[in-house]
1. Quick check on my filter: what residues within segment 87-112 are in a helix (DSSP H, G or I) and either β-branched (Val, Ile, Thr) or free of Cβ contacts under 8 Å to residues at least 24 places away in the same chain (or both)?
2. Could you tell me which residue of segment 56-80 is surrounded by the most Cβ atoms within 10 Å (Cβ to Cβ), considering only residues that are over 11 Å from the mean Cα position of the chain (by Cα) and closer than 18 Å to Val13 by Cβ?
3. Answer yes or no: is there a residue in segment 81-95 that is farther than 30 Å from Lys49 by Cβ and crowded, with 22+ Cβ neighbours inside 10 Å.
4. Here is a list: Ser16, Ser37. Which entry is closer than 19 Å to Met1 by Cα and either at pLDDT below 95 or of a type in the set (Gly, Ala, Ser) (or both)?
5. Output the strands (runs of 3 or more DSSP E) that fall wholly within segment 1-52 and possess 2 or more residues being open to solvent by 50 Å² or more (accessible area, probe 1.4 Å) and of a type outside the set (Asp, Glu), or say none.
6. Just one of Ala8, Ala24, Ala103 is in contact with a helix residue (DSSP H, G or I) (Cβ under 6 Å, 6 or more places away or on another chain), small (Gly, Ala, Ser) and at pLDDT below 95; which is it?
7. May I ask you to verify whether Asp75 is of a type outside the set (Val, Ile, Thr), in contact with a strand residue (DSSP E or B) (Cβ under 9 Å, 6 or more places away or on another chain) and at negative phi?
8. Return the only residue of Val77, Val99, Val52 being touching a Lys or Arg at 6+ places or on another chain (Cβ under 6 Å) and β-branched (Val, Ile, Thr).
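The values are calculated or read from the model by the stated rules, or taken from the named source; none is laboratory data. None of these values were measured; they are calculated from a predicted model. Backbone-built Cβ (ideal geometry, glycine too); neighbour counts: all protein chains shown. These accessible areas exclude ligands, DNA and RNA; they are computed on the full protein's heavy atoms, side chains included. Shrake-Rupley method; radii C 1.70, N 1.55, O 1.52, S 1.80 Å.
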Amino acid sequence: MEPLRRRADFEQVFASGKFVRGRALAVRVLARGEGPSRVGYAVGKRLDKRAVIRNRARRRLREAIRRTPLQDGYDVVVLARRAVLEDEFEALVGDVESVFRRAGLLGEGGAG
């Protein structure tokens, strides 16, 4: 898994990607075909105006996604929702797995 960094890549995923929503996060997914999957995070001021809180949400999402196996060949933009800050971490991991399963991103091996 690699980071998705370029603005053009984010815009391409937002323009053509499939949208799947969960309780604590939503994802936009675009199949690329080959190479490792790239993941980017969009945590806007709508979540909270304080950068400290937005960064905490991003860190929680990054760790939950790190524990979830991901298929290769996709660009994924993860959008944080309010519940990412309120839910217990194990519930967040379960939500990530659920959303990734519905988006067709779940790789082999289960959480671990």
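1. Correct list: Glu90, Val93, Gly94, Val96, Val99, Arg101.
2. If we take residues in segment 56-80 being over 11 Å from the mean Cα position of the chain (by Cα) and closer than 18 Å to Val13 by Cβ, then Tyr74 is surrounded by the most Cβ atoms within 10 Å (Cβ to Cβ).
3. Within segment 81-95 (the criterion being farther than 30 Å from Lys49 by Cβ and crowded, with 22+ Cβ neighbours inside 10 Å), the answer is no, since none of the residues qualifies.
4. Being closer than 19 Å to Met1 by Cα and either at pLDDT below 95 or of a type in the set (Gly, Ala, Ser) (or both) holds for just one of Ser16, Ser37, which is Ser37.
5. Result: 18-21, 25-31.
6. Ala24
7. yes
8. Only one candidate qualifies: Val77.
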